[in-house]
Each structure stands twice: as structure tokens, then as C-alpha cells.
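Okay, structure first, notes after.
The values are calculated or read from the model by the stated rules, or taken from the named source; none is laboratory data. Just so we're clear, the structure is a prediction, and the values are computed from it rather than from any experiment. Ideal geometry is used to build each Cβ from the backbone, glycine not excepted, and the neighbour counts take in all protein chains shown.
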Amino acid sequence: MASCCPRIPQTSWKKSTSLFTQYDLLFGTTRVESYFHFTALEEKFGIDSGRRDRLLRTLVRNLYTYHLQEIFLTVVNEYMDWSRSFLQGQDIFDGTVDALGDALVVAPVIRSGTFHSGGIPREDTYPPSLQPAAKGKKTFFLHI
């Protein structure tokens, strides 16, 4: 039986936690959640820092109201590969994909999981396997 939330989840959760806490929830994410934000050429050859800056500035402007420059610089800093002395287009692309995926997919999924937990600190994590992941592959499952 499928359930549908009649209102915005934040509003429903605050009024009636039983709506969310009566069901178990299992969710997972993959390495790349933002499939359709880039062209095939960008996926193959990467992007330049100007394109990254435009995408991330738009994201920050759409999500926040204050301190936009500080937030933008923090995001760029956190998703930059500091182990490389010179960033190639593919490195910039990888960081941008991670930032967009975390902001647009992972964070809302985790927030939804928080709603479903009802504030009860109960969570089980399931690592994908005991084998080391291939380069560029990360999978994480969280059960709340």
C-alpha cells in the first residue's frame, strides 16, 4: 500500500510524527546523482572552473539568502581535490558533480530519513561490501 503526504513533509512531521515513524525506511545513494545536468562531452572531458562557478553560484543563490559569497567559497573549497597541484577539467567536473549531488539529492534524502526517525536515534548502516571500492565509486546505505 502506497502512502502519500498531503502537505509539505516539514509541516506534516511537526504536526504528527506518527505519519512518518510508522514505516521503516531504507534509502541509498550512488556516486553520481546529478545525471542530467551535464552533456556527454562534459562527462568525458570535464568542465572549466568558469562553468563550475556558474553552476555552484546558481545553486547557492537558489538555496540561501544571506552570506552567498562565503557559502560559495566554502563549497568550492570543500569539493576541490587538494591532493593535485593542477586541476584538469575532469577533476573540476568530479568535484562539481559531488557538490550538486550532495546538495540536490543526498541532503534531502537524509532530511527525509530524519523525519522518518521521529528524533529517535536509531540507525543502521550497511556498507556496500568489504572489498575496496573502485576509484570513483562510493555507495552508502543508511537505514533509519
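In the condition set (1) modelled with pLDDT of 90 or more; (2) among the hydrophobic types (A, V, I, L, M, F, W, C); (3) outside any helix (DSSP H, G or I), L73 is compliant with all but (3).
Each row is one residue, and each column tells you yes or no for (1) among the charged types (D, E, K, R); (2) more than 19 Å from T30 (Cα to Cα); (3) in contact with a Ser or Thr (Cβ under 9 Å, 6 or more places away or on another chain).
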site: E43; (1), (2), (3): yes, no, no
site: R54; (1), (2), (3): yes, yes, no
site: R57; (1), (2), (3): yes, yes, no
site: L63; (1), (2), (3): no, yes, no
site: T74; (1), (2), (3): no, yes, no
site: T96; (1), (2), (3): no, no, yes
site: V105; (1), (2), (3): no, no, yes
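For region 45-82, a residue qualifies if it is among the β-branched types (V, I, T) and either exposed (fewer than 12 other Cβ atoms within 10 Å of the Cβ) or at positive phi (or both), and the qualifying residues are T58, T65.
If the condition is being of a type in the set (D, E), crowded, with 17+ Cβ neighbours inside 10 Å and touching an Asp or Glu at 6+ places or on another chain (Cβ under 8 Å), then region 83-101 contributes only D94.
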